[in-house]
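Here's the structure, in structure tokens; my notes come after.
The values are calculated or read from the model by the stated rules, or taken from the named source; none is laboratory data. On a predicted model such as this, the values are computed, not experimentally measured, just so you know. Cβ sites come from the backbone with ideal geometry, for glycine too, and all protein chains shown count toward neighbours.
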Amino acid sequence: MESEARQSMQSDLPPIHTDALVIGAGPVGLFQVFQLGLQGIHAQVVDVLDQAGGQCIELYPDKPIYDIPGLPYSTGRDLTQRLLEQVAPFQPAFHFKQQVGQLDRQPDGRWLVATPKQQFLTRTLFIAAGVGAFVPKELRLDGLPAFADTQLFYRLPNDAQIKGRQVVVLGGEETAVDCAIALATAESPSAASVTLVHRRDVLQARPDALEKLAQLRASGRIAFIAGQITGIETRGGRLVAVKVTTPEDQTLSLPVDVLLVNQGISPKLGPIADWGLAMARKQLSVDPATFATSETGIYAVGDINSYPGKKKLIVCGFHEATLAAFAAASYLDPHASGVLQYTTSSALLQQRLGVKEITSPPAG
């Protein structure tokens, strides 16, 4: 299974050897890590985002969720934090801001999995990628891609890249507003100027963020222009300005050293679609008894999979992760007893969870 990732992979970086690699750090991916931990299987975790939480964090961090067992009410942010606390005893290794590209079966049965930054040699692979990897929505303008990672960014650049620069932030939702505020209020290093551009003067953000933005606009720390970026200007191989078309059909030339595009994110199945796994309607086909895919040692849980009766609910993903962990444990150790143990009474499971003392219920 060849891919472009092979060309960009850092060959001098030795692979991380692991029994389990989980692709996706959303709620189902995190619960997969927990269930693997109960089985005594340590996991590495890869996610294209810069933090755990998946859709819950990126799409609805503060919206209510009412159908998680035992939690009458939660937000995406709260649920993510609870799941991170739950997996903490198993000390998973997270690898954020990385998208898996390469997948190759090795002669010994393990899978070589690679991102542009890291390689993994894993005995089992769990695809918990939801509806796909969340990637930023690109600004499509002729010539603009040439400045990616030098002057064009889709996430907040590092300090050295913004110090003393004229920064233009494109977007009108919460993340764009937060980025503009962060750039305008940073003490050191700081941008020379910050301009927020959105198609209209109506922004979608928290009330406190909008109030802070209004203060910064009033003080001149942030400039705001209503309009759309419709072109770029270059000089000497550098991006020097963007063309902004206003609602009044005027075209402005806005000087820029750094363009930060923050127009939201969208899910893409990406390289997973090219791995040769059996699929149905752009989802991975699995055995609902084990959630194994068509390739031995690879499992798929959550919204990424398809089987008769499938329901795209977080709670269903938790069920899938549980059965997948049991199936993987049997695959990794075919001679294990397979006796079902319970966290309420198993000394072994409580030891893995870090419970220091097992307390017996009072005599009836």
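Observations on the model:
- The range 347-364 residues that are modelled with pLDDT of 90 or more, paired with ones that are loosely packed, with under 11 Cβ neighbours inside 10 Å (beta carbon under 8 Å, 6 or more apart): 349/342
- Residues (surrounded by fewer than 13 Cβ atoms within 10 Å (Cβ to Cβ), under 27 Å from the mean Cα position of the chain (by Cα) and either among the small types (Gly, Ala, Ser) or not in a loop (DSSP other than H, G, I, E, B) (or both)) located in the range 202-233: 207, 208
- Residue match in the range 194-201 (condition: among the β-branched types (Val, Ile, Thr), more than 25 Å from the chain's Cα centre (by Cα) and more than 21 Å from residue 253 (Cβ to Cβ)): no
- The set of residues in the range 139-187 being within 24 Å of residue 234 (Cβ to Cβ) and polar (S, T, N, Q) consists of 150, 151, 158, 161, 166.
- Listed by position, the helices (runs of 4 or more DSSP H) contained in the range 27-112 that have at least 2 residues being more than 30 Å from residue 204 (Cα to Cα) are 27-38, 76-87.
- Sole exception among (1) modelled with pLDDT under 95; (2) farther than 18 Å from residue 31 by Cα; (3) touching an Asp or Glu at 6+ places or on another chain (Cβ under 7 Å) for residue 312, by number: (2)
- Extreme residue, surrounded by the most Cβ atoms within 10 Å (Cβ to Cβ), among residues of the range 274-284 that are of a type outside the set (A, V, I, L, M, F, W, C) and more than 15 Å from residue 125 (Cα to Cα): 283
- Set 172, 164, 130: member being in a loop (DSSP other than H, G, I, E, B) and surrounded by fewer than 16 Cβ atoms within 10 Å (Cβ to Cβ): 164
- Odd one out for residue 41 among (1) under 26 Å from residue 272 (Cα atoms); (2) modelled with pLDDT under 85: (2)
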